[in-house]
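A.B. asks: Take this structure, written in C-alpha cells, and hold onto it; I'll ask about it next.
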Amino acid sequence: MNEIALVPAGREGADPGPALPLPRDAVAVCDVERRLVLRSASAMLLGLTAGCSGCGGGSADAAEPSTPSAAASPPPAPPAPPTAATPPPPAAQSAAPVARGAYRSTQPYLFSSIAEVSEPARIAGTAALPLSGIGPHGDYVDFYSGWKWRNAGGDWIDARQAAMGPVPWATVLANAAKGSAAAADYTADVTGALQLVQSAGRWNAWIVRWGASSTAPRVLAGRFHPDAAARPVIDVLYSDGSASTLACRVSAFIGPGMNAPALGLADVNLPLALEFDLPTKPVKTATLRFRVTQHWDGNNPTIEFFLADPPLNTDAVSQGVAAAYALDAGLAGHASVLGVHRYVDGAALADFVHPTTIDPEPTYAWSPDVLGSGAADATKLPYAGLGKFVQVSRYDWTLVSSSYAGESFVPLAPGVGALRVKMPKMPGIGDGVEVGQNGTAAANAFINMPAAVIGSLGRVFVRYYILVGTTADTGSPYLADIAKKYEVTKLGIVTWTDMEGKLSVLSAAHKTKIGGNSGSSGGGYGWVLRPGFRDTWEDNDSPAAGGLQMSHQWWDFQNNPQGYNYASSGDRGFVAWGQRGGLGGVLYAGRWYCIEEEVKLNSVDAVNAADGRKWAADGECRVWVDGRLAYESTGLVFRTLPAVAQPAGYVPAIRELGIKHLWFNWFHGGLTQNSIDRVIFVTGLAWGTERIGPMRL
C-alpha cells in the first residue's frame, strides 16, 4: 500500500485531469475570504484612486525601532483635497459571521497585537524583554507574516468606499490646544464606518493621517498611554438600545523611517494604524474618542480617518499533475515525478526511512561514480536509501494511521496517515537554567536525487501536507505561552529562549561541509533554502497567534556575489510566506495545509563580468499554499562556479552545484534549546520536475 517512485527527469507530463477540491479544512474558510475579496474588489471599482501623499516605508530589517521624533519638520503642504460631502450611511446588509479561519487574512482582527509593552525580567539585574517589534509597519500589514501593503503607509477605502479615495470617514480639526506639551480631547462621528464594519464583516481597523493640506503635526495618545482615559475608544449605541465601548487593540506608527513595527508607544505620530474591538450588533451611532498630546504649530491642523483595506490574495487554486490521481495513487508513474511517499494505512516507517543513519559529508559515504572517481557502488549514497529519508541522526519519528487520536491530529482523508515528528523540550528548562551551546533538533534527514541528475538538476517542485499538532505545553487551541519563553543563561550569558528556528519539511539543497548552514550558503560553497518558523507569543488574542509564522531566510546566502548577499539586501533577508495578501503567513495548528515549493536555480553557463565567476541572477523561488501562489521571488542567485574546494575527506560539490537532495530539517534555535514540547504531522510528499499541485482528495 505504500508507494515510492523514482523516475528520470525531463519527460512530458500527463493530462492534469479533473478539477481538484481544496483540502477540507480550507473550503469553509475560503468562503469568508472570498467575501472580503469581493468586497475589496467592488470598492476599487466604485471611485477615484488617489496617490498616497507624504508617506513612505523603511527597511524590513527586524531591529527594535526608535521612537519617532515629534519635533521633526512638518511635511510640505500638499494640494488641497476636494470638498468632502457627508456620505449617507451604507445600505443595511445581512450580518456576516466572523470566525477564525485557516489563513492570516481570514481572522476577525487585522493587525497583530501585544497585551503588554514588555515581559518583565525574571533574573535580577537584567532587562525586560521588549514585545513591540511586531504588527503593522509602513510597508507591511503584518511585518512577521510578510503581508505587504499595496501602497507604502497603508491602504484604505474612503467614505465613498473608493480604494485610496480622498473622502475621509471622519475629519477632525485638532486646534483645541497649542504647544508641544499641550493635550486636548476630541471626538469624531464614525457611524457610517462602523455600520459598514458590522454589516459587511470588515475589520474595525483604520489608517489615520494628516489632512491633505496640513502642515501642523499632531501626536495621539496610543493603546499604551499611561492615562487609560486618554487611549482611543469607540462608543457604540446599538440599534436595540444597548451600548458598548470598543477598546483600542493596536496603535502603531506606519510612516517612513522605521526598521520594524512599534506597537508599544505611549504617544504615536501620524500616520498611524488603529484597530478596535468589533461591534457585535447592528450599529445606530458610533463616536471615536481620542486625545492629541502634542499640538505643533502649522496650518490646517486636520486629522483624517480611513478604513484599512489591505490587499487580499485573489489567485485561483491551480492544479498540477496530482489532480489526475486520487489520493496520489499512481502518481509515482507520471513522467515528471521523481518520488512519492504515500503514508496510507498499513504502511510502515521502514518503507520510507532508510534503516541506518548515514553522515552525508565524508567522501567515503558516496559512490565513486557520482564523484567521478570510479565505478558505481550500490551500497553507498545516493543509491543507499534512494527515495527514502536517510537520517543523519535518529529522532522521535513515528508513522501514524488515519485512526490516530491526540495532539489535534485528524486524517487528511480516510485511510491516509502521517509521519509524526516530535521535538521535545529540554529537560528541566526554566528561568535561570544554563542551556549550553546548542539548539534542539527534531529532524535531520535527506532524500537524495537519483544518480543520473544529482548535482545537475536545476529545477524541482516539492509538495507536502503539514499539520501543526498540539501538546500539553501548547494546549488546544494552540498557544505558545510567553510564560514558557524563559530567561536562561547560555554559557553564563543571560538570554531569552528563542521559540523559533528552521522548519524545512522538505526543501531543495546542495549542502556541503563548508556551505549550507546558517550564514554559509551561496556562491561556490554549496547552498540550502530552509524556511524558518516563529511562534507568536506576544498576545494570546493576536490574529497571528495559534500557529507558526513561516518565512524564507535568505540571509544564509552570504557567500554570494556582491549585490546578492541577502543578509544586507533589502527585504530578502526575511521574507515570510504571507507576502501575497497574507495567505500562508501563519500555519494555524490543527489544520492541514498543502505546501508546494518550487526552486529554479540560477544559470551558471557563462562567466559574469562582475567577478569572473559563472553565474546569472535568474533564479526563482515560489511557494503555493493550498494550491494558491503565496510567495514568489525572482532574480535570485543560489550558486556560482567554479565550486570552492571542500576540506580533505569531505564530498566536493557534485557536478554543477545543482539540486543534490531534499532536506528535512526541524531545528529550534540556534541560540537556545526548545522550551515547549512540539509536534508536527506530515503526509502527501511528492517531488518532480513539474508542478505537483494539491492531492485529489
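A.B. asks: Assess whether Ile676 counts as being closer than 19 Å to Pro382 by Cα, in a loop (DSSP other than H, G, I, E, B) and either in contact (Cβ under 8 Å) with a residue 24 or more places away in the chain or of a type in the set (A, V, I, L, M, F, W, C) (or both).
C.D. replies: No.
A.B. asks: While we're looking at this one, here's another question. Look at Val283 and say whether it is within 21 Å of Ser113 (Cβ to Cβ) and crowded, with 23+ Cβ neighbours inside 10 Å.
C.D. replies: no
A.B. asks: On the given criteria, is Gly578 closer than 30 Å to Ile114 by Cβ, open to solvent by less than 10 Å² (accessible area, probe 1.4 Å), part of a helix (DSSP H, G or I) and in contact with a strand residue (DSSP E or B) (Cβ under 9 Å, 6 or more places away or on another chain)?
C.D. replies: Spelling it out, Gly578 is indeed closer than 30 Å to Ile114 by Cβ, open to solvent by less than 10 Å² (accessible area, probe 1.4 Å), part of a helix (DSSP H, G or I) and in contact with a strand residue (DSSP E or B) (Cβ under 9 Å, 6 or more places away or on another chain).
A.B. asks: Could you tell me which residue of segment 99-140 is farthest from Pro543 (Cα to Cα), considering only residues that are among the aliphatic types (A, V, I, L, M) and in contact with a strand residue (DSSP E or B) (Cβ under 7 Å, 6 or more places away or on another chain)?
C.D. replies: Ile123
A.B. asks: State whether one or more residues within segment 301-311 are in contact with a helix residue (DSSP H, G or I) (Cβ under 7 Å, 6 or more places away or on another chain), closer than 30 Å to Ser199 by Cβ, open to solvent by less than 10 Å² (accessible area, probe 1.4 Å) and not in a strand (DSSP E or B).
C.D. replies: Within segment 301-311, one or more residues are in contact with a helix residue (DSSP H, G or I) (Cβ under 7 Å, 6 or more places away or on another chain), closer than 30 Å to Ser199 by Cβ, open to solvent by less than 10 Å² (accessible area, probe 1.4 Å) and not in a strand (DSSP E or B).
A.B. asks: Let me ask another. Only residues in segment 444-460 that are farther than 10 Å from Pro382 by Cβ count as the first member; pair them with residues that are among the basic types (Lys, Arg), Cβ under 8 angstrom, at least 6 apart or cross-chain, and list the lot.
C.D. replies: Note: pairs meeting the criteria are Ser456/Arg655; Gly458/Lys600; Arg459/Lys600.
A.B. asks: Okay, next question. In this structure, does Thr245 turn out to be more than 18 Å from Trp156 (Cβ to Cβ) and modelled with pLDDT of 95 or more?
C.D. replies: Criteria met by Thr245.
A.B. asks: Look at Asp377 and say whether it is more than 20 Å from Phe664 (Cα to Cα) and among the charged types (D, E, K, R).
C.D. replies: yes
A.B. asks: Can you tell me which residue among Ala616, Ala509 is touching a strand residue (DSSP E or B) at 6+ places or on another chain (Cβ under 8 Å), among the aliphatic types (A, V, I, L, M) and not in a helix (DSSP H, G or I)?
C.D. replies: On inspection, the qualifying residue turns out to be Ala509.
A.B. asks: Considering each residue of segment 541-582, count those that are touching a Gly at 6+ places or on another chain (Cβ under 9 Å), among the polar types (S, T, N, Q) and modelled with pLDDT under 90, and give that number.
C.D. replies: Matching residues across segment 541-582 total 3.
A.B. asks: Looking at Thr293, Thr287 in this structure, which one is farther than 26 Å from Arg160 by Cα and not in a loop (DSSP other than H, G, I, E, B)?
C.D. replies: Thr293
A.B. asks: Now for a different question. Go over the candidates Val340, Val317 one by one and state the one that is among the β-branched types (Val, Ile, Thr) and crowded, with 21+ Cβ neighbours inside 10 Å.
C.D. replies: Val340
A.B. asks: Separate question: Just one of Leu671, Leu636, Leu629 is touching a residue at least 40 places away in the same chain (Cβ under 8 Å), over 30 Å from Ser318 (Cβ atoms), within 22 Å of the chain's Cα centre (by Cα) and surrounded by fewer than 24 Cβ atoms within 10 Å (Cβ to Cβ); which is it?
C.D. replies: Just a single option satisfies the conditions, and that option is Leu671.
A.B. asks: Of the numbered conditions (1) among the β-branched types (Val, Ile, Thr); (2) within 29 Å of Lys380 (Cα to Cα); (3) out of contact with any Asp or Glu (no Cβ under 6 Å at 6 or more places or on another chain), Val268 fails exactly one; give the number of that condition.
C.D. replies: All conditions are met except number (2).
A.B. asks: Tell me, yes or no, whether segment 648-659 has at least one residue that is modelled with pLDDT of 95 or more, assigned to a strand (DSSP E or B) and over 26 Å from the mean Cα position of the chain (by Cα).
C.D. replies: Yes, segment 648-659 contains at least one residue that is modelled with pLDDT of 95 or more, assigned to a strand (DSSP E or B) and over 26 Å from the mean Cα position of the chain (by Cα).
A.B. asks: For the condition surrounded by fewer than 22 Cβ atoms within 10 Å (Cβ to Cβ), at pLDDT 95 or above, out of contact with any Ser or Thr (no Cβ under 9 Å at 6 or more places or on another chain) and over 25 Å from Gly154 (Cβ atoms), what is the one hit in Leu278, Leu327?
C.D. replies: From the options Leu278, Leu327, the qualifying one is Leu327.
A.B. asks: Follow-up. Would segment 386-406 turn up any residue that is touching an Asp or Glu at 6+ places or on another chain (Cβ under 9 Å), open to solvent by less than 20 Å² (accessible area, probe 1.4 Å), closer than 23 Å to Ala508 by Cα and not polar (S, T, N, Q)?
C.D. replies: The answer is no, given that none of the residues of segment 386-406 is touching an Asp or Glu at 6+ places or on another chain (Cβ under 9 Å), open to solvent by less than 20 Å² (accessible area, probe 1.4 Å), closer than 23 Å to Ala508 by Cα and not polar (S, T, N, Q).
A.B. asks: Looking for whichever is touching a strand residue (DSSP E or B) at 6+ places or on another chain (Cβ under 8 Å) and under 30 Å from Ala472 (Cα atoms) here; the options are Thr640, Thr683. Which one fits?
C.D. replies: None of the other options fit; the residue is Thr683.
A.B. asks: Suppose the filter is in a loop (DSSP other than H, G, I, E, B), under 18 Å from Val392 (Cα atoms), of a type outside the set (A, V, I, L, M, F, W, C) and open to solvent by 20 Å² or more (accessible area, probe 1.4 Å); does Asn438 pass it?
C.D. replies: In short, yes.
The values are calculated or read from the model by the stated rules, or taken from the named source; none is laboratory data. Predicted, not measured: the structure shown is a model, and the values here were computed from it. Heads up, the Cβs are rebuilt from the backbone with ideal geometry, glycines too, and the neighbour counts pull from every protein chain shown. Protein only, heavy atoms only, side chains kept; ligands, DNA and RNA dropped before computing areas. Shrake-Rupley method; radii C 1.70, N 1.55, O 1.52, S 1.80 Å.
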